[in-house]
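Asker: Pasting a structure below so you can have a look.
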Amino acid sequence: MTATALPDVRPAAPAAWRPATDTLAGTGAMIRFVIRRNRIRLGVWWLVIVGLFAYVEAYYRDIFTTQQALDDFATVSNIPSIKALTGLAAAPNTMGGAVWTKIWMTCSLTLAFGVVFLVTRNGRADEEVGRTELLRSRELGTHAAAVASWAVIAALAVAVGVGVSVVSAVGGLDPAGTGITGSLVLGASMTGVGVVAIGIGALAGQLASTSRGANALGSVALGAFYVLRMVGDLGDGRLTWASPIGWAQEMQPWGANRWWPLALLLALTAVLLAISARLEARRDFGAGLLAERGGPASAPARYATPLGLGLRLQRGPIIGWTLTVVLTAMMFGSVVQAMHDLLDEAAGPVKDLIGGTGIDALLSLLMVLIALVATVFALQSTVSLRADEASGIVEPQLAGALSRARWAGQRLLIPGVGSAVLLLLGGACTGATYGALIDDPGQAGRLALAAVAYWPAVMVLVGVAVALFGWLPRLAIPLTWGVLAAMWFVVLIGDALHLPQWLLDALPFSATPYVPLESLTWMPLVVMTATAAALTWAGLHRFAGRDVKPG
Amino acid sequence: MSQTIEAPTASPVRDLAVEVHGLTKSFGSVQALRGFDLTVPVGQVTGFLGPNGAGKSTTIRILLGLLHADGGTATVLGGDPWADAVRLHRSIAYVPGEVALWPNLTGGEAIDILCRLSAPLEPKRKQLMLERFDLDPTRKARAYSKGNRQKVALVAALASRAELLLLDEPTSGLDPIMEAAFTESIREVKAEGRSVLLSSHIFAEVEKLADRVTIIREGVAVESGTIAELRHLTRSQVTVALDGGAEALAELPGVHDLQHLDGHVTFAVDEDQLPGVLAAVAQLGPRSLVANPPSLEELFLRHYGTELAALNGAER
């Protein structure tokens with residue numbers, strides 16, 4: 001394939017079909033190869049999903065010790081937002097049902113997205129960079145690589161299902177006297193979602209000609225199926241049946257315990273894979289059905305400034321994070337009253353978890369969550385400085401009449417201003433939806449102010465990221481995310497680690513007044529802003545004085 | 001060992017676009033430059049030759065102020081490449097060896113961004129260069145091949161009126177037709193009195209364009225001078241199919257390393273003796289004849305192999 005030629009997207013001439021055995025030659029060798037290349041990823045996906053399920057199961061067995069508690073949980077789960085986001089279990093007032101309501105959708109979607117990414121990684125991505133070309137020049141059938149990756153990933157889906165079934169059966173989620181049928185149906189329903197995702201990923205990889213495109217297409221399809229079942233679950237349930245995720249839900253472990261939707265899932269998978277194989281057999285190597293789109297031949301003048309270019313390049317993340325914050329905040333705002341009523345009846349440990357009682361304690365916790373989302377955006381935007389240096393893309397820019405201080409300074413306006421906007425939006429949207437429910441329009445302004453109190457804390461983390469970029473460029477990106485992960489970990493379980501209290505209090509998120517539960521004090525905010533400014537200055541000063549270091 | 005030709009003393013009117021003396025630069029334990037000298041006269045094309053890893057890109061990145069030299073002096077257009085980077089870059093165009101672009105922007109957008117960072121965009125010149133290099137500016141950078149990414153950087157550099165062009169192996173991904181377009185463009189640049197530093201690891205490419213050449217090896221300038229002065233380095237490798245009489249060729253002046261194998265005779269000829277030797281070969285009635293310019297690596301092995309071995313032995 002010469003890379004200069006446009007991919008040939010015309011329907012291929014009806015070429016002579018190759019003998020079926022030839023198209024699968026080398027599948028065995030490819031299976032070993034796919035396992036070797038993905039063994040760590042496969043293990044991590046399995047561990048994350050099964051581990052998440054096991055954790056929630058153990059946690060719920062701890063907090064729901066009576067049937068009364070389960071009945072209460074079932075009652076408060078029967079609200080639109082829970083039905084929309086996670087679906088409601090068929091038998092919500094059983095232990096299995098409670099765990100299902102909490103975590104089934106998360107585990108299933110995690111598996112589905114993981115499967116789509118794995119299919120792309122072993123399919124379209126390899127084809128795009130030319131690795132498959134090298135393999136296909138050997139004795140390897142057209143479909144061998146694809147069939148091998150489908151087989152290995154299907155094994156992952158089965159392993160996840162088996163793992164979840166075992167955890168469920170051993171943990172005793174099945175009501176006495178029902179055997180382990182519910183646990184088996186549960187595992188099979190997750191496997192079914194994973195297997196359908198193989199079909200979705202495979203078809204996306206045939207349609208798109210880039211791995212980015214394939215992942216985007218597969219993700220959009222999963223998102224659409226999720227929304228279809230959401231609308232179905234909120235309404236009369238008919239649209240739930242228009243989505244394969246809905247079919248898996250309707251297997252109803254511990255409820256109807258249906259097996260036949262699994263057959264639907266497997267049949268859909270077979271159809272999707274058959275279409276993919278047919279497309280693969282007829283198209284040119286490297287081509288996709290959807291042509292890569294062109295774009296403008298010239299750029300507006302604002303792209304020649306680092307800020308203008310940065311806004312253009314980060315357009316996707318900026319829009320994505322803004323939508324995430326607004327939707328999450330509105331969801332929080334609409335359920336906060338219901339959560340409060342639930343917690344009122346819950347035992348002491350839950351109250352400890354959120355740091356107090358009353359609706360303000362809950363709102364304060366939500367502000368921390370919004371601040372976390374704003375931090376992830378701000379750090380993603382900040383580490384792009386190092387990413388641009390590592391890829392070498394910064395060099396032609398710095399070879400223009402542009403100082404390093406101006407380049408980095410303008411780029412840092414995006415996380416600086418962007419995180420403030422996200423915090424304000426998040427607080428305001430939580431307040432507006434909550435305020436609408438309790439007829440108090442003042443909540444929007446009050447919570448916007450509470451959320452923006454976290455801005456200095458976010459800026460301290462941005463400052464740490466900039467300092468790392470200046471002083472330890474090669475380690476800056478993993479260390480930045482490591483710092484955030486460590487801080488969040490300590491915020492969640494700090495007291496269990498027996499760390500000194502002064503250290504816990506000094507972390508940016510804990511140092512911020514716990515608004516609106518606590519009243520706003522200025523001192524910590526001023527100190528943190530100054531710290532952030534000092535760290536940022538130190539990082540930028542070092543960057544201006546050191547070598548540019550490509551990755 | 002260094003045969004650097006003395007730089008003319010600086011006069012009020014600048015006659016050197018780049019002047020480098022005793023430049024040193026280390027990355028950890030690796031010494032990339034060990035006292036490197038280079039001059040680029042104004043209005044000339046200076047070839048910058050060396051095998052991969054010799055220090056060409058390091059030198060160019062120091063001249064751009066992307067790297068800070070450990071020692072020695074470097075002057076670019078009369079300024080300090082580190083301290084005066086922003087001011088100097090208004091008059092410099094750069095083509096990197098490995099062109100990284102924004103994958104989701106088009107080639108045309110990238111060209112505009114790069115041009116405007118130094119000077120106002122001249123759409124007519126951009127259009128001219130796009131046509132000359134046959135580049136589609138509406139395609140996303142991620143769909144470009146290596147050669148096309150290189151064309152983006154070349155169009156951006158040549159569409160400007162920069163006083164000094166720093167080109168780091170600019171033709172390594174181009175096909176012969178595009179190399180011809182490149183040659184034409186560099187001749188225009190020179191005709192306008194602008195200066196070019198052109199790095200390459202292929203002697204023939206530099207020979208076509210350059211007025212002067214500096215050869216770098218292991219971070220040191222090993223030769224520097226005009227093309228004519230370096231002519232002695234270019235010894236062609238000749239292979240002829242002969243039925244007999246090969247022994248007589250070995251006696252001719254300028255013929256070296258003659259070997260005889262199955263009716264094929266191979267030998268090396270000094271460039272200035274080539275006409276006489278070829279006439280003698282013609283007398284013998286050869287069935288075929290192939291002549292190749294020597295690769296830079298061969299050239300180095302022949303001229304500097306032992307010195308380099310000694311240098312490396314002393315350092316390691």
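Asker: Sort through A:A432, A:A420, A:A405 and tell me the only one that's farther than 30 Å from A:L365 by Cβ and either assigned to a helix (DSSP H, G or I) or not assigned by TED's automatic domain parsing to the domain that holds A:T322 (or both).
Answerer: Values: A:A432 fails: farther than 30 Å from A:L365 by Cβ; A:A420 fails: farther than 30 Å from A:L365 by Cβ.
After ruling out the rest, the residue left standing is A:A405.
Asker: Mind listing whichever residues of the stretch A:435-447 are part of a helix (DSSP H, G or I) and either of a type outside the set (G, A, S) or surrounded by 20 or more Cβ atoms within 10 Å (Cβ to Cβ) (or both)?
Answerer: We begin by selecting, within the stretch A:435-447, every residue part of a helix (DSSP H, G or I); these are A:435-438, A:443-447.
Scanning the stretch A:435-447 gives A:L437, A:I438, A:Q443, A:A444, A:R446, A:L447.
Asker: Same structure again: Would you confirm, using the coordinates I've provided, whether A:L499 is of a type in the set (A, V, I, L, M) and over 25 Å from A:T430 (Cα atoms)?
Answerer: On the way: of a type in the set (A, V, I, L, M): yes; over 25 Å from A:T430 (Cα atoms): yes.
Answer is yes for this residue.
Asker: So, in the stretch A:390-422, how many residues would count as being under 19 Å from B:R116 (Cβ atoms), surrounded by fewer than 17 Cβ atoms within 10 Å (Cβ to Cβ) and within 30 Å of the chain's Cα centre (by Cα)?
Answerer: 1
Asker: Ok, one more. Within the stretch A:290-316, can you find the residues that are surrounded by 14 or more Cβ atoms within 10 Å (Cβ to Cβ), small (G, A, S) and in a helix (DSSP H, G or I)?
Answerer: A:A304, A:G308, A:G310 - these are the residues of the stretch A:290-316 that are surrounded by 14 or more Cβ atoms within 10 Å (Cβ to Cβ), small (G, A, S) and in a helix (DSSP H, G or I).
Asker: Also, quick follow-up: The conditions are (1) of a type outside the set (S, T, N, Q); (2) in contact with a Ser or Thr (Cβ under 8 Å, 6 or more places away or on another chain); (3) more than 14 Å from chain B (Cβ to nearest Cβ), and A:G435 fails exactly one of them. Which is it?
Answerer: Only one criterion is unmet by A:G435, namely (2).
Asker: In the stretch B:58-77, how many residues are under 18 Å from A:R546 (Cβ atoms) and hydroxyl-bearing (S, T, Y)?
Answerer: Result for the stretch B:58-77: 1.
Asker: Among the residues that make up the stretch A:240-255, is at least one of them closer than 18 Å to A:T132 by Cα and of a type in the set (S, T, N, Q)? Steps first, please.
Answerer: Here is the first cut: in the stretch A:240-255, the residues closer than 18 Å to A:T132 by Cα are none.
No, the stretch A:240-255 has no match at all.
Asker: For the stretch A:123-132, indicate whether the set of residues that are within 14 Å of chain B (Cβ to nearest Cβ), surrounded by 24 or more Cβ atoms within 10 Å (Cβ to Cβ) and closer than 25 Å to A:I245 by Cα is non-empty.
Answerer: yes
Asker: Okay, next question. What residue, among those in the stretch A:90-119 that are among the aromatic types (F, W, Y) and over 21 Å from A:R41 (Cα atoms), is surrounded by the most Cβ atoms within 10 Å (Cβ to Cβ)?
Answerer: As a first pass, look at the stretch A:90-119 and keep what is among the aromatic types (F, W, Y): A:100, A:104, A:113, A:117.
This time we only want the ones that are over 21 Å from A:R41 (Cα atoms), so: A:100, A:104.
Working: A:W100: 31, A:W104: 25.
Ranking the candidates gives A:W100 first.
Asker: Out of the residues in the stretch B:86-141 that are modelled with pLDDT of 90 or more and polar (S, T, N, Q), which is nearest to B:L198 (Cα to Cα)?
Answerer: B:S91
Asker: Out of all the residues in the stretch B:205-238, which are surrounded by fewer than 20 Cβ atoms within 10 Å (Cβ to Cβ), within 30 Å of B:S26 (Cα to Cα) and among the small types (G, A, S)?
Answerer: B:G225, the sole residue that qualifies.
Asker: Then there's this: I'm trying to understand the selection: among the residues of the stretch A:261-289, which are among the hydrophobic types (A, V, I, L, M, F, W, C), over 22 Å from A:W241 (Cα atoms) and crowded, with 17+ Cβ neighbours inside 10 Å?
Answerer: Residues satisfying the conditions are A:A277, A:L279, A:A287.
Asker: To continue, here is another question. If you take just the strands (runs of 3 or more DSSP E) that sit entirely in the stretch B:165-275, which of them hold at least 2 residues that are more than 20 Å from the chain's Cα centre (by Cα)?
Answerer: Values: elements: B:195-200, B:212-217, B:220-226, B:235-241, B:255-261, B:264-270.
Those strands (runs of 3 or more DSSP E) span B:235-241, B:255-261, B:264-270.
Asker: Report the residue count in the stretch B:199-257 for those that are modelled with pLDDT under 85, touching a Pro at 6+ places or on another chain (Cβ under 8 Å) and β-branched (V, I, T).
Answerer: Summing the residues that are modelled with pLDDT under 85, touching a Pro at 6+ places or on another chain (Cβ under 8 Å) and β-branched (V, I, T) in the stretch B:199-257 gives 1.
Okay, residues lined up against (1) touching a Leu at 6+ places or on another chain (Cβ under 8 Å); (2) modelled with pLDDT of 85 or more; (3) away from chain B (no Cβ under 14 Å):
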position: A:P7; (1), (2), (3): no, no, no
position: A:D22; (1), (2), (3): no, no, yes
position: A:I31; (1), (2), (3): no, yes, yes
position: A:N38; (1), (2), (3): yes, yes, yes
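Asker: State whether the residues of the stretch A:57-78 include one that is modelled with pLDDT under 80 and either within 30 Å of B:D175 (Cα to Cα) or in contact with a His (Cβ under 8 Å, 6 or more places away or on another chain) (or both).
Answerer: Within the stretch A:57-78 (the criterion being modelled with pLDDT under 80 and either within 30 Å of B:D175 (Cα to Cα) or in contact with a His (Cβ under 8 Å, 6 or more places away or on another chain) (or both)), the answer is no, since none of the residues qualifies.
Asker: Within the stretch B:112-125, can one find any residue that is under 30 Å from B:A54 (Cβ atoms), at the interface with another protein chain (Cβ under 7 Å from one of its Cβ atoms) and without any contact (Cβ under 8 Å) to a residue 40 or more places away in the chain?
Answerer: Going through the stretch B:112-125, the residues under 30 Å from B:A54 (Cβ atoms) turn out to be B:114, B:117-118.
Of the ones still in play, those that are also at the interface with another protein chain (Cβ under 7 Å from one of its Cβ atoms) are B:114, B:117-118.
Checking which are without any contact (Cβ under 8 Å) to a residue 40 or more places away in the chain leaves us with B:117.
Yes, the conditions are met somewhere in the stretch B:112-125.
Asker: Shifting gears a bit: Considering each residue of the stretch B:276-316, count those that are modelled with pLDDT of 80 or more, in contact with a strand residue (DSSP E or B) (Cβ under 7 Å, 6 or more places away or on another chain) and not in a loop (DSSP other than H, G, I, E, B), and give that number.
Answerer: Taking the stretch B:276-316 and keeping what is modelled with pLDDT of 80 or more, we get B:276-291.
Restricting the remaining residues to those that are in contact with a strand residue (DSSP E or B) (Cβ under 7 Å, 6 or more places away or on another chain) gives B:277, B:281, B:286-291.
Cutting the leftovers down to not in a loop (DSSP other than H, G, I, E, B) gives us B:277, B:281, B:288-291.
Number of matching residues: 6.
Asker: Where residues in the stretch B:65-96 are in a loop (DSSP other than H, G, I, E, B) and under 19 Å from B:V189 (Cβ atoms), which of them is farthest from the other protein chains (Cβ to nearest Cβ)?
Answerer: Taking the stretch B:65-96 first, the residues in a loop (DSSP other than H, G, I, E, B) are B:65-70, B:77-78, B:80-84, B:90-91, B:96.
Restricting the remaining residues to those that are under 19 Å from B:V189 (Cβ atoms) gives B:77, B:90-91, B:96.
Details: B:L77: 13, B:R90: 4, B:S91: 9, B:P96: 6 Å.
Once the filter is applied, the top-ranked residue is B:L77.
Asker: Out of all the residues in the stretch B:178-190, is one or more surrounded by fewer than 21 Cβ atoms within 10 Å (Cβ to Cβ) and within 14 Å of chain A (Cβ to nearest Cβ)?
Answerer: yes
Asker: Same structure again: Could you pull out every one of the helices (runs of 4 or more DSSP H) wholly within the stretch A:180-253 that has 3 or more residues that are touching a residue at least 60 places away in the same chain (Cβ under 8 Å), among the aliphatic types (A, V, I, L, M) and within 30 Å of A:I79 (Cα to Cα)? Let's see the steps before the verdict.
Answerer: Details: elements: A:181-207, A:211-234, A:244-249.
Filter on the stretch A:180-253 gives A:181-207, A:211-234.
Asker: Please determine, by comparing only the residues of the stretch A:167-179 that are part of a helix (DSSP H, G or I) and in contact (Cβ under 8 Å) with a residue 12 or more places away in the chain, which one is farthest from A:V193 (Cα to Cα). Write out each step before concluding.
Answerer: The initial filter retains those residues of the stretch A:167-179 that are part of a helix (DSSP H, G or I), namely A:167-170.
Okay, now just the ones that are also in contact (Cβ under 8 Å) with a residue 12 or more places away in the chain, so A:167-169.
On the way: A:V167: 19, A:S168: 18, A:A169: 20 Å.
Restricting to residues being part of a helix (DSSP H, G or I) and in contact (Cβ under 8 Å) with a residue 12 or more places away in the chain, the top hit is A:A169.
Asker: Mind listing whichever residues of the stretch B:97-111 are in a helix (DSSP H, G or I) and at the interface with another protein chain (Cβ under 7 Å from one of its Cβ atoms)? Steps first, please.
Answerer: Quick first cut of the stretch B:97-111, residues in a helix (DSSP H, G or I) only: B:107-111.
Once the filter is applied, which keeps residues that are in a helix (DSSP H, G or I) and at the interface with another protein chain (Cβ under 7 Å from one of its Cβ atoms), the stretch B:97-111 yields B:G108, B:E109.
Asker: Next up: When you check B:S160 against the structure, is it within 10 Å of another protein chain (Cβ to nearest Cβ), in contact (Cβ under 8 Å) with a residue 60 or more places away in the chain and buried (at least 21 other Cβ atoms within 10 Å of the Cβ), yes or no? Give the derivation first.
Answerer: Details: within 10 Å of another protein chain (Cβ to nearest Cβ): yes; in contact (Cβ under 8 Å) with a residue 60 or more places away in the chain: yes; buried (at least 21 other Cβ atoms within 10 Å of the Cβ): yes.
Yes.
The values are calculated or read from the model by the stated rules, or taken from the named source; none is laboratory data. Because the structure is a prediction, the values reported are computed rather than measured. For neighbour counting, all protein chains shown are included, and Cβ atoms are generated from backbone atoms with ideal geometry for every residue, glycine included.
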